[in-house]
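The values are calculated or read from the model by the stated rules, or taken from the named source; none is laboratory data. What you see is a predicted model; the values in this text were computed from it and never measured. Neighbour counts are summed over all protein chains in view; Cβ atoms, including those assigned to glycine, are modelled from backbone coordinates with ideal geometry.
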């Protein structure tokens, strides 16, 4: 089976690239990766283990469509793929307009609006399959959707991270307690809220440095809040990959206030890398019956996320148990098997 992976880092982020890096290792298929993005995007893909074969610079959607159509016209005459694999609603929309083969999509980030996905899958339920990581998203898409396990990346994560040199490059001292705030996309997190939570932890006796990927909301307000309090705790806006952000941290934070979102890919990566997670109520990680090995907050109220983080920092046995459970999580293989089954299903219907 031949799989063409259509990657658009601007919309799927590192989360989508990490899913692709996991899937191209699947045996029994030939994989080819086309990237919609800049040279910088392509370097990021390479750093995460993705051997891209073609790059289209999407200066505008029309330009991306034209470039993909030219490539597809040339490629189809020499034997095209059986399935086009997408990692975002944007890439899926382009694939619908260009490729006349079966399509499979995995929503690597939480979708803000699933209505367009639902309409398309209802119109063409056979040739297109959309994989979701949680039941509410699957239900919102409707026909043509499947529920799959999130990817796990093996104990230690998908790429090697030199923690000591990485922390030094970020300006972190060996004694600094670094907290990686996970959000999909980075703009879903509020830097002002992060700065406030750092103050709550400071009041509890824990001086921390919060790590955020660049693009967070209210970055200036958060920086002003820290200045007003004498910078007694810290916050860094890092231009690094998701594995690097997590690799530099002592613990990770998944919050919901105000309006933050985090999908399971980032959380699964943190667990696989052995970094414990404190998660707020109201996230998919703390739903009733959830199997995620995280330390939950007692409520979703602003600032209460500091409670599980403080527990992780204060109780060595808790931290060790979460780390051990996270590394065991990294051994899960359900994602790759499920996606292979979806490729076979979509390809069979597409040729029928």
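Would you check if there is a residue in the stretch 217-226 being crowded, with 17+ Cβ neighbours inside 10 Å and touching a residue at least 40 places away in the same chain (Cβ under 8 Å)? Scanning the stretch 217-226, I find no residue that is crowded, with 17+ Cβ neighbours inside 10 Å and touching a residue at least 40 places away in the same chain (Cβ under 8 Å), so the answer is no.
As for the stretch 236-258, it holds at least one residue that is surrounded by fewer than 17 Cβ atoms within 10 Å (Cβ to Cβ), touching a residue at least 60 places away in the same chain (Cβ under 8 Å), in a loop (DSSP other than H, G, I, E, B) and touching a helix residue (DSSP H, G or I) at 6+ places or on another chain (Cβ under 7 Å). For residue 211, state whether it is more than 25 Å from the chain's Cα centre (by Cα), outside any loop (DSSP other than H, G, I, E, B), touching a residue at least 12 places away in the same chain (Cβ under 8 Å) and crowded, with 21+ Cβ neighbours inside 10 Å. For residue 211, the condition - more than 25 Å from the chain's Cα centre (by Cα), outside any loop (DSSP other than H, G, I, E, B), touching a residue at least 12 places away in the same chain (Cβ under 8 Å) and crowded, with 21+ Cβ neighbours inside 10 Å - is not met.
What is the number of the single condition among (1) part of a helix (DSSP H, G or I); (2) farther than 19 Å from residue 152 by Cα; (3) touching a helix residue (DSSP H, G or I) at 6+ places or on another chain (Cβ under 9 Å) that residue 265 does not meet? Of everything listed in (1) part of a helix (DSSP H, G or I); (2) farther than 19 Å from residue 152 by Cα; (3) touching a helix residue (DSSP H, G or I) at 6+ places or on another chain (Cβ under 9 Å), residue 265 misses just condition (2). Among the residues of the stretch 297-338, those that are under 22 Å from residue 204 (Cα atoms) and surrounded by 21 or more Cβ atoms within 10 Å (Cβ to Cβ) comprise 297, 305, 306, 308, 309, 312, 313, 322.
Yes or no, residue by residue, for (1) modelled with pLDDT under 85; (2) part of a strand (DSSP E or B); (3) surrounded by 20 or more Cβ atoms within 10 Å (Cβ to Cβ):
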site: 80; (1), (2), (3): yes, no, no
site: 92; (1), (2), (3): no, no, yes
site: 97; (1), (2), (3): yes, no, no
site: 100; (1), (2), (3): yes, no, no
site: 108; (1), (2), (3): yes, no, yes
site: 118; (1), (2), (3): yes, no, no
site: 125; (1), (2), (3): yes, no, no
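Each residue in the stretch 193-206 was checked for being in contact with a strand residue (DSSP E or B) (Cβ under 7 Å, 6 or more places away or on another chain) and closer than 17 Å to residue 314 by Cα, and 3 of them qualify.
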